[in-house]
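To start, the structure under review is shown below, and the notes come after it.
The values are calculated or read from the model by the stated rules, or taken from the named source; none is laboratory data. It should be emphasised that the depicted structure is a prediction, and the values quoted were computed from it without experimental measurement. Don't worry about glycine lacking a Cβ; one is built from the backbone with ideal geometry, like all the others, and counts go over all protein chains shown. The accessibility values were calculated without ligands, DNA or RNA, using every heavy atom of the protein model including side chains. Shrake-Rupley method; radii C 1.70, N 1.55, O 1.52, S 1.80 Å.
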Amino acid sequence: MEDLKKKILSCMADVIKQNGFRTEFFEAENGQQPMTRVELSRLGKVKQDVIVDMWFPPAKMAREETALFQMHATMLQVDSDAVSRNLPELKRALFIINNFCTIGQFGLFEQDGVVYMRHNIVVNMKDDPERIITDICDYFSLMLSSIQRFVDAIAQIAVGAVNIEVAKEMDLIPNI
């Protein structure tokens, strides 16, 4: 199954690269899992760079033929002073935004000031590899859509440039 996982990640890198994204496949090294990394450059009006890592994290699954696949986007890293000043507003914004995500969720590693988006998929490894790759690409597209939709709000709230009310007035966050 490890060879199939590697093949899926390598093919994902190729497919995403063919769609115009800077993408790289990393072989397993030093106990690390193989991984595909996608660099999303200058998203939104804030021109935020985002890194999406994709891999099969080690996980004991109930069925042998299934594997966990994770996409983890590092949205931005905010310095500790900005995080401490804007933490309540940022947490509230992420909670609101998560209600409008088709898949995945945004979150915050407070100690590092890293805002992320993560989505996990359970993959049936007995499916046709082409179908698995197509399905993952569909999930990646949905994740990318959410990132693009909310990157401006998250980046501006994280650094204190706007608050939630202003972000709603600017249509950066749905006003519901």
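On the principal axes of its alpha-carbon atoms, region 1-108 has extents of 46, 35, 30 Å, going from largest to smallest. Positive end of the dipole of the chain (Cβ unit charges, origin at the Cα centre): among 43, 94, 166, the Cα lying farthest that way belongs to 166. Please compute the net charge surrounding residue 100, taking Lys and Arg as +1 and Asp and Glu as -1 over other residues with Cβ under 15 Å from its Cβ. Net local charge, residue 100 excluded: +1. For region 47-99 and region 10-32, what is the separation of their C-alpha centers, rounded to whole Å? Each part reduced to its Cα centre gives a spacing of 19 Å. For region 81-166, the relative contact order works out to 41 percent when only alpha carbon pairs closer than 8 Å and six or more residues apart are counted. Sparsely packed loop sites in region 93-176 (the GluC sites (Glu not before Pro) outside DSSP H, G, I, E and B with at most 11 other Cβ atoms within 10 Å) do not occur. Across every pair of non-identical alpha carbons in region 27-176, the mean reciprocal distance, once inverted, gives a Kirkwood radius of 16.5 Å.
Report summary: the helix-based calculation at 222 nm, which adds -39500 (n - 2.57) for every DSSP H run with n ≥ 4 and divides by the residues of the chain, gives -14000 deg cm²/dmol.
Measuring nothing but how far apart in sequence close Cα pairs (under 8 Å, 6+ apart) lie, relative to its length, the chain scores a relative contact order of 20 percent.
Computed from backbone phi with θ = phi - 60° and the Karplus coefficients 6.51, -1.76 and 1.60, the 3J(HN,Hα) list for region 61-66 is 9, 5, 10, 4, 7, 10 Hz; x is used for glycine and proline. Sites counted here are trypsin sites (Lys or Arg not before Pro) in a DSSP loop (not H, G, I, E or B) having no more than 14 other Cβ atoms within 10 Å; the longest part of the chain that contains none of them is 64-125. Given +1 at the Cβ of Lys and Arg, -1 at the Cβ of Asp and Glu and no other charges, the dipole of region 1-137 around its Cα centre is 440 debye to the nearest 20. Give me the tail of P(r) for region 115-176 as a percent: Cα-Cα pairs with distance above 20 Å. So the pairs more than 20 Å apart make up 45 percent of the total in region 115-176. Judged by the gyration tensor of its Cα atoms, with axes a ≥ b ≥ c, region 64-138 is prolate; a/c meets the 1.5 cut and a/b is the larger of a/b and b/c. With all protein chains kept in place, the per residue accessible area of the chain amounts to 55 square angstrom at a probe of 1.4 angstrom. Counting only protein heavy atoms and using a 1.4 Å probe, what share of the accessible area of the chain belongs to carbon plus sulfur, as a whole percent? Carbon with sulfur: 46 percent of the solvent-accessible area. Note on the chain: lysine pairs with Cα distance below 24 Å, sequence gap of 8 or more or different chains, count 17.
Amide hydrogen proximity for residue 66: with H placed 1.01 Å from N in the peptide plane, the residues at 5 or more positions away or on another chain lying under 5 Å are 125.
Among the GluC sites (Glu not before Pro) in region 1-90, those placed in a DSSP loop whose Cβ has at most 16 other Cβ atoms within 10 Å are 27, 29, 64, 65.
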